[in-house]
Amino acid sequence: MILVRAELADVPRLLKFRTDSAVWLSSLGTDQWAKPFPADHIMASIRAGEVYLLKEHQAADAAATITLDRDADERLWTAEDRAESALYVHKLTVDRKYAGAGLGPRLLDWAGDQAARQGVTWLRLDAWTTNTQLQTYYLGQGFRHVRTSTQPTVVSGWAAQRRAHRAEHGFDEGALTAVVPRDGT
């Protein structure tokens with residue numbers, strides 16, 4: 001499998017990941033991702049070089065996607081947290097055709113490897129506050145729960161982190177270069 005940076009032409013596929021996942025999550029009894037996600041937010045992340053697609057080969061449809069950036073939500077991460085170096089996982093999604101193939105853990109290992117290569121201390125993420133199955137999954141991947149936001153406007157308020165470390169993920173990164181942070185550093 002190869003990892004490639006998403007391009008603007010991939011926005012429809014990225015939106016489809018969200019809608020397909022919302023349908024599946026609804027069948028599990030959660031409203032996670034039930035509201036459509038703004039395409040302009042995805043496009044900004046693509047332009048910043050933060051969105052990746054996992055494919056069997058270059059011409060194949062995407063099997064999974066992950067966004068890796070330095071975007072710390074101030075509603076979840078305190079000023080003290082934000083003072084520590086971290087990369088943040090967002091929108092990790094695996095196509096249901098690939099469910100059970102171990103792509104999610106490998107993508108998390110890739111993200112942690114990227115963080116370690118950049119000298120970053122933490123790999124962080126947030127999960128839907130009411131999706132306890134997802135939270136349990138992340139705990140099983142070595143993340144430690146930091147806090148859960150009680151702000152009524154925060155639906156993805158379960159915050160967790162694990163130390164960044166080099167890891168063998170097995171993906172061909174091809175022409176990928178280091179993650180391009182939003183702030184240009």
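For this structure, a couple of remarks:
- Flag for Ser45 being of a type outside the set (Asp, Glu), assigned to a helix (DSSP H, G or I) and either touching a Ser or Thr at 6+ places or on another chain (Cβ under 7 Å) or farther than 21 Å from Ser156 by Cβ (or both): yes
- Residue, surrounded by the fewest Cβ atoms within 10 Å (Cβ to Cβ), within segment 19-40, restricted to residues that are at pLDDT 85 or above and over 15 Å from Ala99 (Cα atoms): Asp40
- Among the residues listed as Ala64, Ala60, the single one being of a type in the set (A, V, I, L, M, F, W, C) and outside any strand (DSSP E or B): Ala60
- Cβ pairs under 6 Å, 6+ apart, first in segment 130-149 and farther than 25 Å from Ala167 by Cβ, second in a strand (DSSP E or B): Arg147/Ala159; Thr148/Trp158
- Close pairs from segment 38-49: first polar (S, T, N, Q), partner assigned to a loop (DSSP other than H, G, I, E, B) and surrounded by 13 or more Cβ atoms within 10 Å (Cβ to Cβ), Cβ under 9 Å, at least 6 apart: Ser45/Ala6; Ser45/Asp71; Ser45/Arg182
- Selection status of Leu14, under 28 Å from Thr150 (Cα atoms) and part of a helix (DSSP H, G or I): no
- All positions within segment 77-102 that are crowded, with 17+ Cβ neighbours inside 10 Å, hydrophobic (A, V, I, L, M, F, W, C) and closer than 12 Å to Ala64 by Cα: Leu92, Val94
- The residues listed here are Thr121, Thr67; of these, the one that is surrounded by 18 or more Cβ atoms within 10 Å (Cβ to Cβ), more than 18 Å from Leu139 (Cβ to Cβ), hydroxyl-bearing (Ser, Thr, Tyr) and touching a Ser or Thr at 6+ places or on another chain (Cβ under 7 Å) is Thr67.
- Pairs linking a residue in segment 63-76 that is under 17 Å from Arg5 (Cβ atoms) to a residue that is buried (at least 19 other Cβ atoms within 10 Å of the Cβ) and hydroxyl-bearing (Ser, Thr, Tyr), with Cβ atoms under 6 Å and 6 or more positions apart or on different chains, are Thr65/Thr93; Ile66/Tyr52; Thr67/Ser45; Asp69/Tyr88; Asp71/Tyr88.
- Checking each residue in segment 135-172 for being within 15 Å of the chain's Cα centre (by Cα) and buried (at least 18 other Cβ atoms within 10 Å of the Cβ) picks out Gln135, Tyr138, Phe143, Ser156, Gly157, Trp158, Ala159, Ala160, Gln161, Arg162, Ala164.
The values are calculated or read from the model by the stated rules, or taken from the named source; none is laboratory data. The shown structure was predicted, so the numbers you read here are calculated from the model rather than taken from an experiment. Quick reminder, even Gly has a Cβ in these numbers, built from the backbone with ideal geometry, and neighbours come from all protein chains shown.
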